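Peer 1: Structure provided below as C-alpha cells; questions to follow.
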Amino acid sequence: MTDTTTGRFAGSTIIVTGAGSGIGRATATRIAQEGGRVIATDVVAARLDALRTELDGLDVETVVGDVAATETIDALVTAAGGRVDGLANVAGIMDAFLPPDEVDDATWERVFSVNVTGPMRLTRAVLPLMIAAGKGSVVNVASEAALKASAAGAAYTSSKHAIAGYTKSVAFFHGPQGIRANAVAPGAVATNIEAPMKSEYAAGRVGPIMQTTIPPVAQPEQLAAAITWLLSDDSANVNGAVLPSDGGWSVV
Ligand SMILES: NC(=O)c1ccc[n+]([C@@H]2O[C@H](COP(=O)([O-])OP(=O)(O)OC[C@H]3O[C@@H](n4cnc5c(N)ncnc54)[C@H](O)[C@@H]3O)[C@@H](O)[C@H]2O)c1
C-alpha cells in the first residue's frame, strides 16, 4: 500500500510509543524497514514480543511499560543511549464517548494521563538530547477529536485538543533550537483501540453525525506514512502543524 524509502532513517534512533498495535506498530515497522533504530514501547509485553519476532533482523529494542509512568520514561531514555533523533507519541486510549455531564473523574484522569501527560513527560525527557544535537522531530498522534467535538466524548476530545496545543508549544519554544513538533490527526483507522459507546445520550447525538460524515476506515500503514514523513527530513520546513489524515472528514 505504501512504499518504503530505502535508508531514510539510517543512523537515526526513534522512540515509538504504542508500538505493539495499530498505528504505533505500523510506524515502528516502517522506521525499522527504512534503516532506523527503533525503541519500541507499549504497556502490553506480548505485543512487543510479537513485533520483535516479526521484525527479526532489524534494529528494534523494546521497553515494556505505561507511557504515563516516570519509570517507563527513564527506561526509554536509558535505552536510547544518549541519542534521540525522533519521538513518535502514538499510544492513546478512548473515553467511552461520555459527554460533559456524564464523564467521571477516573475516565478523565486516565485519558489525560495517557494521551497528554505521558507524551509531555517523554518529550520533556528527550528534548535536552535533541537540543544538544541541534535537531530533533517530535510527532504526536492527535485525532479528528482535536479538530471537532463530534468524534468522541468530553475527555478524549479535550485531551486531543490539549496534545495539539502542546505540539504547537514545543514547535514555538524549541523551533529556534532545531526542534520540530507536529501532530497527525487520524480519522477512523482499523486498529485494536477500544471505543465502547457507554452513553445513550451520546449515541443519539454522535451516531447520526458519524454515519453521514465519516469517510471509509483507513489502514494503520496510511497513518504511518504521514507520521514517518513528519519524522523525516522530507518535512524539514513543517513545524507546529496538525495534519489531518482522515480521508477529508475534517472538511465535512
Ligand atoms: N484508531 C482510530 O480510529 C484512531 C483515530 C484517531 C486517533 N487515534 C489515535 O491513534 C493512536 C494509536 O491508536 P490505535 O488506534 O493504533 O490503537 P491501538 O489500541 O491499536 O494501539 C495503541 C497501543 O497503545 C498501547 N497503550 C495504550 N495505553 C498505553 C499506555 N498507558 N502506555 C503504553 N502503551 C499504551 C496499547 O497497548 C496499544 O498497543 C492513539 O493515540 C489514538 O488516540 C486512533
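Peer 1: Just checking, which of 221, 194 is out of contact with any Leu (no Cβ under 8 Å at 6 or more places or on another chain) and part of a helix (DSSP H, G or I)?
Peer 2: Selected residue: 221, the only one of 221, 194 that is out of contact with any Leu (no Cβ under 8 Å at 6 or more places or on another chain) and part of a helix (DSSP H, G or I).
Peer 1: Looking for whichever is within 14 Å of the ligand (Cβ to nearest atom) and within 18 Å of residue 122 (Cα to Cα) here; the options are 40, 96. Which one fits?
Peer 2: Matching residue, one of 40, 96: 40.
Peer 1: Same structure, new question: For the stretch 199-237, name all the residues that are touching a Phe, Trp or Tyr at 6+ places or on another chain (Cβ under 9 Å) and among the aliphatic types (A, V, I, L, M).
Peer 2: Selection gives 202, 203, 206, 214, 231.
Peer 1: Now a separate question. Is it the case that the stretch 194-204 has a residue that's under 14 Å from residue 151 (Cα atoms), near the ligand (Cβ under 10 Å from one of its atoms) and surrounded by 19 or more Cβ atoms within 10 Å (Cβ to Cβ)?
Peer 2: Taking every residue of the stretch 194-204 in turn, none turns out to be under 14 Å from residue 151 (Cα atoms), near the ligand (Cβ under 10 Å from one of its atoms) and surrounded by 19 or more Cβ atoms within 10 Å (Cβ to Cβ).
Peer 1: Ok, one more. Could you check residue 125 against (1) surrounded by fewer than 24 Cβ atoms within 10 Å (Cβ to Cβ); (2) in a loop (DSSP other than H, G, I, E, B); (3) more than 12 Å from the ligand (Cβ to nearest atom) and say which number it fails?
Peer 2: Looking at each condition in turn, residue 125 falls short on (2).
Peer 1: Does residue 209 count as of a type in the set (A, V, I, L, M, F, W, C), over 24 Å from residue 129 (Cα atoms) and within 13 Å of the chain's Cα centre (by Cα)?
Peer 2: So residue 209 does not fit the description; no.
Peer 1: Another one. Please pick out the residue among 45, 32 that is of a type in the set (Gly, Ala, Ser), more than 14 Å from the chain's Cα centre (by Cα) and within 16 Å of the ligand (Cβ to nearest atom).
Peer 2: 45
Peer 1: Which condition from (1) within 14 Å of the ligand (Cβ to nearest atom); (2) part of a loop (DSSP other than H, G, I, E, B); (3) over 23 Å from residue 143 (Cβ atoms) is the one that residue 71 breaks?
Peer 2: (2)
No lab work stands behind these numbers, since they all come straight from the coordinates. Treat the numbers as computed from the prediction; the structure is a model and nothing was measured. Cβ: placed from backbone, ideal geometry, glycine included. Neighbour counts: every protein chain shown.
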